[in-house]
Amino acid sequence: MSQNGPATPPGPPVPDPHARRGVRWTIVGIVISTVIALVSLYFQAQQSKGDIAHPTPSRSASAEPGPTPDDGSPGGDPPSPTPDGSGPDGEGPDGEGPDDPSPSPYSGDDGLTLAEHELRDSLNTDQWSRDSCSHTLWQGATAALYCTVTTVDRFGVTGTGKASVVMYETKTDRDRVFQGYAGTLPEGNCEAQINVRGSWSENNTGRAAGDVVCFLSTTGQYVFLCSYYDRPALVQITGPDQSSLTAWWHTMEPVFTG
């Protein structure tokens, strides 16, 4: 053996270039997986927020309208011609109906038709205040008024209230409206009963003067609706107390002067 000089210690081992490249790709893969996982979590979080902000409506929270209450009168009450009530055949408040398609011409600033002036002039001025009468609507009527009435009973007690007086072309026209209220009610005595139909008599003669229907309306008002045998007319009064209304009804005579 020969020796040319002192022996040098061996250097550090040279890393395998292929192994270094493998480590690098492993790190890159970990970073990419982490980024993908973070992005996925972010979008999941955003979707959850959107679901909270805009929840999907369920059937139980549906905004579709449900059925409306039945408009019929409870307990088989007859149709009411009092304010806020509904009368037969499309009538409105106070038993009102649509305007006549060809009403009588108006004849003054008071808003009354010629036929209503004639009706007003036929009323008993001892009780009916003609200046208070205003135009109102009743189904098929040729004239309809709503007036203040002041009466005095046999004890000298004054009573004041409002009443409707209605005139039709014929008694047949009048009876068609009257039967809309009276047709389903039994015969009875309006002096002592309610929700019945019968006849009424003039106080001073005792003769039957017309038919009457009396009932409690769905608005809590007592109603007397009277017809006349000698003319195609109706008179209606209403009030919160049956006995008081009946007593006042007896003092309302005569309604017409001729």
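What the table below lists for this structure:
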{"item": "The stretch 123-219, Rg to Rh (Cα coordinates; Rh as Kirkwood inverse mean 1/r)", "result": "0.97"}
{"item": "Nitroxide proxy distance, nm - points 7 Å out along Cα→Cβ at residue 176 and residue 207", "result": "2.9"}
{"item": "Extension reserve of the residue 243-residue 109 stretch, reckoned as 0.36 nm per residue once the Cα distance is removed", "result": "44.4 nm"}
{"item": "Residues of the stretch 122-171: accessible area per residue with a 1.4 Å probe, Å²", "result": "47"}
{"item": "Length released on extending from residue 193 to residue 160, taking residue separation times 0.36 nm less the Cα-Cα span", "result": "9.5 nm"}
{"item": "Heavy atoms of residue 152: accessible area, 1.4 Å probe, square angstrom to 10", "result": "90"}
{"item": "Probe 1.4 Å - accessible area at residue 191, Å² to nearest ten", "result": "90"}
{"item": "Largest-first ordering by accessible area, 1.4 Å probe, given options 32, 237, 194", "result": "32, 194, 237"}
{"item": "Extended-chain gain in nm, criterion 0.36 nm per residue less alpha-carbon gap, residue 184 and residue 257", "result": "23.0 nm"}
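The values are calculated or read from the model by the stated rules, or taken from the named source; none is laboratory data. Every value quoted in this text rests on a predicted model; they were computed, and no experiment measured them. Using ideal geometry, Cβ is built from the backbone for each residue, glycine included, and neighbour counts are taken over all protein chains shown. These area figures cover heavy atoms from the full protein model, side chains too; ligands, DNA and RNA do not enter into them. Shrake-Rupley method; radii C 1.70, N 1.55, O 1.52, S 1.80 Å.
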